[in-house]
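Worksheet: the structure to be examined is printed underneath.
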Amino acid sequence: MAQEGGPSPESRPAPPARPRVPALGILFVAAGAILLASTVLPDATLSNLWPLFLLIPAAVLLERFVADPKHASGVLVPIGVLAYLAVFFLWLNFTSWSHTARTWPHFLLAPAFGLFLLFLATRNTSLLVPITILTAVAVVSLAGLQRSRVAIAVVLIAVGVVLILGPALRRRRG
């Protein structure tokens, strides 16, 4: 029943449909591109390009996010993790995994990247805590493994400044 002066639910226009990304098409294109690259490029063998297959589920999840960004923002975390690890594993494949002993902190940066994408979509500031912790531990670990005292010093100073100025900045806002 329509309220006086307002349109009835039947007469309201439907919201515009969002463009749909065909996930199955993305899967076939990605798989074909990987196989083609492994055939055409000499160093791009399937044994080196396997990390690109991590982007296939990321593309499917991205379709879900594009279709309903308000309700599907949680898929940004696995999208970020899969994309980050695909790039990281590609780099390791082309460097013969010789840097693995010094680059393991990237496994901490992958979820930090996924959470950061979620933060960008939702502006949920409580996500900044795990993002900062994961990133700081990874950066300090990477710097320590690289024996970079300067990088460790800069990170420690930055964290100290945030801890010192953080309460004052929060009081000013509130």
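The values are calculated or read from the model by the stated rules, or taken from the named source; none is laboratory data. Values in this document were obtained by computation on a predicted structure and should not be read as measured data. A quick note on method: Cβ atoms are made from the backbone with ideal geometry, for glycine too, and the neighbour counts reach across all protein chains shown.
Of V129, V150, all but one fail to be in a helix (DSSP H, G or I), modelled with pLDDT of 90 or more and farther than 30 Å from P22 by Cβ; the exception is V129.
Considering region 33-71, and only residues there that are hydroxyl-bearing (S, T, Y) and more than 14 Å from W91 (Cα to Cα), the residue that is surrounded by the most Cβ atoms within 10 Å (Cβ to Cβ) turns out to be S38.
The residues of region 83-117 that are among the hydrophobic types (A, V, I, L, M, F, W, C), farther than 23 Å from V129 by Cβ and in contact with a helix residue (DSSP H, G or I) (Cβ under 7 Å, 6 or more places away or on another chain), listed by number, are A86, F88, F89, L90, L92, F94.
Rundown of residues vs (1) of a type in the set (S, T, Y); (2) within 20 Å of P130 (Cβ to Cβ); (3) in contact (Cβ under 8 Å) with a residue 60 or more places away in the chain; (4) out of contact with any Lys or Arg (no Cβ under 8 Å at 6 or more places or on another chain), yes/no style:
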position	(1), (2), (3), (4)
V29	no, no, no, yes
V66	no, no, no, no
P69	no, no, no, yes
V77	no, yes, no, yes
V81	no, yes, no, yes
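Residues in region 63-75 that are in contact with a Leu (Cβ under 9 Å, 6 or more places away or on another chain) and part of a helix (DSSP H, G or I): F65, S73, G74, V75. Of the residues in region 117-136, not one is hydrophobic (A, V, I, L, M, F, W, C) and more than 29 Å from L55 (Cβ to Cβ).
Can you name the residue in region 105-126 that is in a loop (DSSP other than H, G, I, E, B) and free of Cβ contacts under 8 Å to residues at least 40 places away in the same chain and is also surrounded by the most Cβ atoms within 10 Å (Cβ to Cβ) among such residues? Of everything passing the filter in region 105-126, N124 is surrounded by the most Cβ atoms within 10 Å (Cβ to Cβ). Just one of the listed residues (A59, A143) is assigned to a helix (DSSP H, G or I), under 27 Å from F28 (Cα atoms), small (G, A, S) and at pLDDT below 90, and it is A59.
The sole residue among R147, R102 that is touching a residue at least 12 places away in the same chain (Cβ under 8 Å) and within 30 Å of N48 (Cα to Cα) is R102.
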